[in-house]
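Taking it in order: structure first as structure tokens, then the write-up.
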Amino acid sequence: MTQSTEDWPLPALLESRKAYQERLNLILPHGITGVTATANPAASAIVFVAMYVGAIGNNAPIRPSTVTWMSDAVAERRTDTERRGYYRAAMRGEKGVVSFCEGAEVERGKIWYANNSREPVRDESIDALIDNGAVLNIRTDLSTNSPLARYTLDDGFAALLSPDLAGDELHAAITRWSTTHLSPTGRRRAQLRRDPSLNSESVPVNLPGAGVRTLHPGASSWILKGVAEEFSTRLREPNVLFISQPGEKVNLLDGRALEAMGISVDQANLLPDCLMADLDDERDEVWFIEAVFSGGEITNERKQSLLAWADLQGLSAEKCRFLSAFESRTHAEARRALPTLADGSFAWFSDEPEYLLTWDSVGFD
């Protein structure tokens, strides 16, 4: 894997993002993949940037910000030195990209995506491309929240993006690649590459009365482990209904449990990291839980959106509870987030599992 001062191979490029989208519509059309995210503008931006910096196989992995920080002006600079220069700058951070543009005398202009678009780029198009064998995650040892780069193009897929391929030769190459990557067995291979149970850094979680679930590596997963194994013991009859994992459709068992309750799932837009119920007849509560390691605590705004969703599911607002779970009271994220916690919510800390912090108004009448 090359991110240092060494040079690495750079492929020839198609003329524009539009050309990459046209090529994607030939290779991964909606009619075959069942989703639009494999050939939409975001997908073409991802593929363009990956080819631009040579993120192929084990070389020069990118992260979502490598895509979002690109601009039309930078994309037009196509010497090998400029392409590798942009990559090295993007690995240093956005200030590095600004410095690169100044040094190369490039008027950067408007970037392709706002900085808050990184997660949609990752959770929609990158994940769809991974599911269909086009993109690889070559750093499965990294936690989900790690800022380090991890994504490259599959070598065979990248070869289909060559400007030298056209006409019958292109269609024949697409057919050969699709046979091995878009078949049921090919999709299963792509799925297995994402399976956290195959990663030695993954986090096993003992769910109360429901066996073991393996979560992706990372600090948030360790917080969720504490919630499932320790916080849950404070409930009379705990039952984990749902655990969210980035880029993952609703777990089959979670989906069945929610369906049995008459609850519809919109994981991408709304559901928290964990949904837990206290099935005790007297309590009959549903806990909305966020594992907070790098943002995502339950604020007043977030609480209101969750309550609106709960109302649509027939859940009583009086029976909804809201918990932001942290690694420690001394952790920087806890110190940052505590002033923003929603009224009437709770905070729990993995290193002090016997305590629960309540944030609510106090009446003095």
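Throughout, read-outs are computed from the coordinates displayed, never taken from laboratory work. Here the structure is a predicted model, which is why all the values come from computation and not from measurement. Cβ sites come from the backbone with ideal geometry, for glycine too, and all protein chains shown count toward neighbours.
Worth pointing out:
- A simple spin-label model places pseudo-atoms 7 Å from Cα toward Cβ; at Asp343 and Gln313 they are separated by 2.4 nm.
- By the rule of a C-alpha distance below 29 Å, with chain neighbours fewer than 8 residues away ignored, the lysines paired with Lys225 are Lys249, Lys303, Lys319.
- With R₀ fixed at 41 Å, the C-beta to C-beta distance from Lys110 to Thr233 puts the FRET efficiency at about 0.20.
- Estimated FRET transfer efficiency when R0 is 22 angstrom, pair Ala12-Arg92 (beta carbons, to 0.05): 0.25
- Inter-site label distance for Ser264 and Leu148 at 7 Å from Cα along Cβ, in nm: 4.1 nm
- Taking amide hydrogens as placed 1.01 Å from N in the peptide plane, the amide H of Phe322 sits under 5 Å from those of Phe288, Phe346, each at least 5 positions away in sequence or on another chain.
- Here the Debye sum runs over all C-alpha atoms of the chain as equal scatterers in vacuum, and log10 of I(q)/I(0) at q = 0.08, 0.10, 0.13 Å⁻¹ comes out as -0.47, -0.71, -1.07.
- Charge tally around Leu315: other residues with Cβ under 14 Å, Lys/Arg +1 each, Asp/Glu -1 each, net -1.
- Above 28 Å, the calculated P(r) of segment 17-193 contains 21 percent of its Cα-Cα pairs.
- Here the extension length gained between Asn58 and Thr36 equals 5.2 nm, from 0.36 nm per residue of separation less the Cα-Cα distance.
- Neighbourhood net charge (13 Å Cβ-Cβ; Lys/Arg +1, Asp/Glu -1) for Pro208: -1
- Net length gained if the chain between Thr185 and Asn206 were fully extended (0.36 nm per residue, minus Cα distance): 4.5 nm
- Exposure proxy shown here: for Thr330, Thr152, the number of other Cβ atoms within 10 Å sets the order, fewest to most, as Thr330, Thr152.
- In segment 198-359, the C-alpha radius of gyration followed by the widest Cα-Cα span (Dmax) gives 14.7, 42 angstrom.
- Net charge of neighbours whose Cβ lies under 10 Å from the Cβ of Ile111, counting Lys and Arg as +1 and Asp and Glu as -1: 0
- Of Ile223, Ile174, Ile289, the one that fluctuates the most in a GNM where the chain has Cα springs shorter than 10 Å: Ile174
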